[in-house]
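Engineer: There's a structure below that I have some questions on.
The values are calculated or read from the model by the stated rules, or taken from the named source; none is laboratory data. Predicted model only: the values in this text are computed from it and were never measured. In this analysis, Cβ positions are derived from the backbone assuming ideal geometry, glycine residues included, and neighbour counts consider all displayed protein chains. Each accessible area value is taken on the protein alone, full model and side chains, heavy atoms only, with ligands, DNA and RNA left out. Shrake-Rupley method; radii C 1.70, N 1.55, O 1.52, S 1.80 Å.
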Amino acid sequence: MKKEAAPPLIGMNMSLAGSAAGGNDEALAPLTYIDAVSGAGGIPLCIPPLEDIDIIRTILPLLQGFIFIGGRDYRPQRYGGHPQPEHELLDARRDCFDVVLAGLILEETDLPVLGICGGHQLLAIARGGALIQDIRTQWVPWEGKKKILHAKDERRGRGKTSFLHALSLREGSLVADAMGSTPATGISVNSFHHQAVRPGRTGEGLCASAWSADGIIEALEPAPDSAWLCSGRFLLGVQWHPERMQDQIAQRRLFRSFIEAAARRLP
């Protein structure tokens, strides 16, 4: 009788937060990510921001995929941006760990990767890309289009439906295939971000493949001339939070597509 293959092991970075007891930092991983991975057939392995980055080199060979989660803003000096208030930024320890880790995974492995919200922006930063630091003040919508209130703070007092907006997908793209969608299906996604990947600076080897109605980049994946595309690597960043929309078929399929890519790496 053939032995059933074990579920793929999916690495996941973590947030840092101050502890109420004693003021020591704590490493945290939102359950929504954990449940989305396990619900799609993977085993989540949460990895804290290690001070000794070399330790991660002993962990990566054990994994079949990696998810970069969201969080506060990455430090603007990473991409030539202007200074921001400290309270808007990631803890320096996580910021440093995430950027180095993303570089290692993208450049030294062929692991399937899914970046979500800040994790999507991290993929661009790790490849030399840049961000729009504040959509509300720096972004001019596409001609004839109305600006969307992408940030949660801009929607205070508004109804729940204001958290959703339409998504346009490039036909034949990885994101469209992963979600089982076409540009005409009218998928809507949530929005909890005030920054976005800057058009024209998406990062080496990456290209945009989904947009909001006002032109904000909503997905990144391997560019047509990249080695990643030729190899068929699953490498996708999405600006929204699919783990918070697991009641939607397309969002569940996105995680299943990622997990299936990771499972193909199992012996």
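Engineer: Name every residue in region 231-267 that is under 13 Å from Leu174 (Cβ atoms) and of a type in the set (Gly, Ala, Ser), in order of residue number.
Structural biologist: Ser231, Gly232, Gly237, Ser257, Ala261
Engineer: Step by step: first the residues of region 97-131, then only those that are among the small types (Gly, Ala, Ser) and in a helix (DSSP H, G or I), then the one that is surrounded by the fewest Cβ atoms within 10 Å (Cβ to Cβ). Which residue is that?
Structural biologist: Checked region 97-131; the qualifying residue surrounded by the fewest Cβ atoms within 10 Å (Cβ to Cβ) is Gly103.
Engineer: Here are the criteria: (1) touching a Lys or Arg at 6+ places or on another chain (Cβ under 8 Å); (2) of a type in the set (D, E, K, R); (3) assigned to a loop (DSSP other than H, G, I, E, B). Tell me which single one Glu143 does not satisfy.
Structural biologist: Here Glu143 meets the rest and fails (1).
Engineer: Could you check Glu51 against (1) open to solvent by 40 Å² or more (accessible area, probe 1.4 Å); (2) part of a loop (DSSP other than H, G, I, E, B); (3) in contact with a Gly (Cβ under 8 Å, 6 or more places away or on another chain) and say which number it fails?
Structural biologist: (3)
Engineer: Same structure, new question: Answer yes if at least one residue in region 28-35 is in a helix (DSSP H, G or I), farther than 18 Å from Glu243 by Cα and open to solvent by 10 Å² or more (accessible area, probe 1.4 Å), and no otherwise.
Structural biologist: No, region 28-35 contains no residue that is in a helix (DSSP H, G or I), farther than 18 Å from Glu243 by Cα and open to solvent by 10 Å² or more (accessible area, probe 1.4 Å).
Engineer: Exactly one condition in (1) basic (Lys, Arg); (2) over 16 Å from Gln239 (Cβ atoms); (3) open to solvent by 60 Å² or more (accessible area, probe 1.4 Å) is false for Arg75; which is it?
Structural biologist: Failed condition: (3).
Engineer: Is it the case that region 233-244 has a residue that's more than 16 Å from the chain's Cα centre (by Cα) and either farther than 20 Å from Phe68 by Cα or assigned to a helix (DSSP H, G or I) (or both)?
Structural biologist: Among the residues of region 233-244, not one is more than 16 Å from the chain's Cα centre (by Cα) and either farther than 20 Å from Phe68 by Cα or assigned to a helix (DSSP H, G or I) (or both), which makes the answer no.
Engineer: Right, here's the next one. Quick check, is Arg94 surrounded by 15 or more Cβ atoms within 10 Å (Cβ to Cβ) and free of Cβ contacts under 8 Å to residues at least 40 places away in the same chain?
Structural biologist: Criteria not met by Arg94.
Engineer: Now a separate question. Which members of region 227-258 meet the condition of being farther than 17 Å from Asn190 by Cβ and open to solvent by 10 Å² or more (accessible area, probe 1.4 Å)?
Structural biologist: Ala227, Trp228, Leu229, Cys230, Ser231, Gly232, Arg233, Phe234, Arg256, Ser257
Engineer: Then there is this: So, in region 30-88, how many residues would count as being charged (D, E, K, R) and more than 21 Å from the chain's Cα centre (by Cα)?
Structural biologist: Residues that pass the stated criteria total 5.
Engineer: Working carefully through the options Ala176, Ala208, find the one that is in contact with a strand residue (DSSP E or B) (Cβ under 6 Å, 6 or more places away or on another chain) and part of a strand (DSSP E or B).
Structural biologist: Sole residue among the options that is in contact with a strand residue (DSSP E or B) (Cβ under 6 Å, 6 or more places away or on another chain) and part of a strand (DSSP E or B): Ala208.
Engineer: Might you check whether a residue that is open to solvent by 10 Å² or more (accessible area, probe 1.4 Å), assigned to a loop (DSSP other than H, G, I, E, B) and either touching an Asp or Glu at 6+ places or on another chain (Cβ under 6 Å) or in contact (Cβ under 8 Å) with a residue 60 or more places away in the chain (or both) occurs anywhere in region 211-226?
Structural biologist: Yes, the conditions are met somewhere in region 211-226.
Engineer: Tally the residues that are more than 11 Å from the chain's Cα centre (by Cα), touching a residue at least 60 places away in the same chain (Cβ under 8 Å) and within 19 Å of Leu16 (Cβ to Cβ), restricting the search to region 98-125.
Structural biologist: 3
For every residue, the table says whether it meets (1) assigned to a strand (DSSP E or B); (2) over 30 Å from Pro8 (Cα atoms); (3) of a type in the set (D, E, K, R); (4) within 18 Å of the chain's Cα centre (by Cα).
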position	(1), (2), (3), (4)
Thr185	no, yes, no, no
His194	no, yes, no, yes
Pro199	no, yes, no, yes
Glu204	no, no, yes, yes
Phe255	no, no, no, yes
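Engineer: Something else now. Step by step: first the residues of region 175-201, then only those that are in contact with a His (Cβ under 7 Å, 6 or more places away or on another chain) and small (Gly, Ala, Ser), then the one that is most open to solvent (accessible area, probe 1.4 Å). Which residue is that?
Structural biologist: Filtering region 175-201 for residues that are in contact with a His (Cβ under 7 Å, 6 or more places away or on another chain) and small (Gly, Ala, Ser), the one most open to solvent (accessible area, probe 1.4 Å) comes out as Ser188.
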